[in-house]
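To keep things clear, I will list the structure first and then write my remarks on it.
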Amino acid sequence: MKTKIMAFCSSPVLSLAFRVILGSLFLYAGIAKIVDPMGFALSIYNYKLLPDGLINVAAILLPWLEVIVGGSLLLGIGTAGGALIATALFSIFAGALTINLIRGLDIACGCFSTAASGGSISGFYLLRDLSLLLMSLQVLFFDKALFSVTRLRKK
Amino acid sequence: MLKQKVFQERLKAGVKQAALLVIISLALGISFQAVRSDKIPWVGSWATLSTATLSLQSVTDISLSEAFALYRDHRALFLDARDPWSFEEGHLAGAVHIEPQDAGKQTAEIQKRAGGRQIVAYCDGAECHLGVDLAKALEKQGISSVKVLINGWSRWREAGYPVEKGKP
């Protein structure tokens with residue numbers, strides 16, 4: 001039983017599924033933020049974690065990292081790198097969410113959209129983030145590059 | 001043992017690839033920032049904005065210089081959201097007095113007066129949210145794209161831009 005669970009968790013098909021899920025989410029989230037940098041800057045500002053001078057820099061550059069990571073995971077180019085950055089990002093997001101949940105700030109998540117009406121942060125957002133973090137780790141360690149550009153080129 | 005080695009190899013490869021992906025993202029982000037027309041500045045003026053105002057998001061603010069450029073070219077209608085007494089003592093030249101709670105009743109008139117120009121709402125003080133309230137109230141009435149000049153009265157006056165006195 002234990003080996004079966006292990007085999008399932010480390011399955012390359014599962015990695016492919018996670019790559020598609022994570023890749024699409026990153027692409028979607030990144031593009032939404034590139035379209036509305038001011039809205040995303042406001043979201044970051046509301047988290048009250050970054051110094052004022054870095055808010056816009058993060059709002060301008062972070063979405064591009066998300067798009068590139070999304071592309072990397074979807075296409076299977078530099079997948080380990082993409083998954084590593086995804087893991088780092090989800091860890092940072094988890095930290096930011098946790099700090100503000102403890103502080104009790106009523107702010108919009110700013111996760112997949114920049115709208116203020118996106119709903120206040122809650123334990124659900126943290127759980128969702130942690131699930132995505134686990135998916136990233138799975139891809140990082142078990143991905144076998146199914147349906148990836150890297151593998152196609154080798155053929 | 002073998003597995004551990006495989007993991008270490010993956011992690012090693014991951015770090016190298018991640019560095020490359022970060023560089024590509026930075027290059028793309030900086031290039032796009034250089035060419036896009038609706039960009040935000042690299043460093044924002046967050047210190048002058050208040051939590052009270054920003055907690056009421058969904059409205060866009062306008063910078064003082066941008067607001068003045070619109071004023072100079074007669075391309076904006078300014079709405080003063082403060083109390084009538086403050087308005088009487090002094091307001092932006094040409095501004096119309098309207099408090100957030102009256103927005104519903106005067107929608108048609110505002111639309112007529114604006115005549116397609118940009119509407120800019122303002123009040124006074126970094127903590128004042130009347131301008132934002134007014135913009136939101138107007139948006140509810142179907143007048144969208146109202147911008148807010150945060151701490152408008154003080155900043156406008158300190159910049160030495162045209163003001164006037166008089167009853168609403």
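The values are calculated or read from the model by the stated rules, or taken from the named source; none is laboratory data. Just so we're clear, the structure is a prediction, and the values are computed from it rather than from any experiment. For neighbour counting, all protein chains shown are included, and Cβ atoms are generated from backbone atoms with ideal geometry for every residue, glycine included.
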### Summary
Flagged in region A:88-113 as over 14 Å from the mean Cα position of the chain (by Cα) and more than 9 Å from every other protein chain (Cβ to nearest Cβ), in numbering order, are A:98, A:99, A:100, A:101, A:102, A:103, A:104, A:105
### Query
Restricting the first residue to region B:28-39 and requiring it to be surrounded by 15 or more Cβ atoms within 10 Å (Cβ to Cβ), which pairs with a second residue that is outside any helix (DSSP H, G or I) and not hydrophobic (A, V, I, L, M, F, W, C) meet a Cβ separation below 7 Å and a spacing of at least six or different chains?
B:33/B:39
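This table checks each residue for (1) closer than 24 Å to residue B:88 by Cβ; (2) assigned to a loop (DSSP other than H, G, I, E, B).
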site	(1), (2)
B:104	yes, yes
B:108	no, no
B:135	yes, no
B:138	yes, no
B:145	no, yes
### Query
What number goes with the only condition from (1) under 30 Å from residue A:105 (Cβ atoms); (2) of a type outside the set (D, E, K, R); (3) at pLDDT below 90 that residue A:29 does not pass?
(3)
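Residues checked against (1) more than 21 Å from residue A:67 (Cα to Cα); (2) touching a Ser or Thr at 6+ places or on another chain (Cβ under 7 Å); (3) of a type outside the set (Lys, Arg); (4) at pLDDT below 80:
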residue	(1), (2), (3), (4)
A:109	no, no, yes, no
A:119	yes, no, yes, yes
A:124	yes, no, yes, no
A:129	no, no, yes, no
A:133	no, yes, yes, no
A:140	no, yes, yes, no
A:150	no, no, yes, no
#### Entry: Residues located in region B:125-168, provided they are polar (S, T, N, Q) and either surrounded by fewer than 21 Cβ atoms within 10 Å (Cβ to Cβ) or outside the structural domain of residue B:107 (by TED's automatic domain parsing) (or both)
B:141, B:144, B:145, B:154
### Query
Within region B:1-10, restricting attention to residues that are exposed (fewer than 15 other Cβ atoms within 10 Å of the Cβ) and not in a loop (DSSP other than H, G, I, E, B), which residue is nearest to the other protein chains (Cβ to nearest Cβ)?
B:7
### Test set (1) closer than 23 Å to residue A:35 by Cα; (2) hydrophobic (A, V, I, L, M, F, W, C); (3) crowded, with 24+ Cβ neighbours inside 10 Å - residue A:84 fails condition number
(1)
### Message
Give me the residue from region A:96-155 that is part of a helix (DSSP H, G or I) and touching a strand residue (DSSP E or B) at 6+ places or on another chain (Cβ under 7 Å) and, out of that set, nearest to residue A:85 (Cα to Cα).
### Response
A:118
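Before we move on, is residue B:23 modelled with pLDDT of 95 or more, loosely packed, with under 14 Cβ neighbours inside 10 Å and facing chain A (nearest Cβ under 8 Å)?
Details: modelled with pLDDT of 95 or more: yes; loosely packed, with under 14 Cβ neighbours inside 10 Å: yes; facing chain A (nearest Cβ under 8 Å): no.
The answer is no for residue B:23.
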### Query
Tally time: how many residues in region A:78-87 are more than 8 Å from chain B (Cβ to nearest Cβ) and among the hydrophobic types (A, V, I, L, M, F, W, C)?
1
### Query
Going by the conditions given, is residue B:70 at pLDDT 85 or above, touching a strand residue (DSSP E or B) at 6+ places or on another chain (Cβ under 6 Å) and either not assigned by TED's automatic domain parsing to the domain that holds residue B:136 or not in a helix (DSSP H, G or I) (or both)?
no
### Task
State whether the residues of region A:46-58 include one that is modelled with pLDDT of 90 or more, under 20 Å from the mean Cα position of the chain (by Cα), not polar (S, T, N, Q) and not in a helix (DSSP H, G or I).
yes
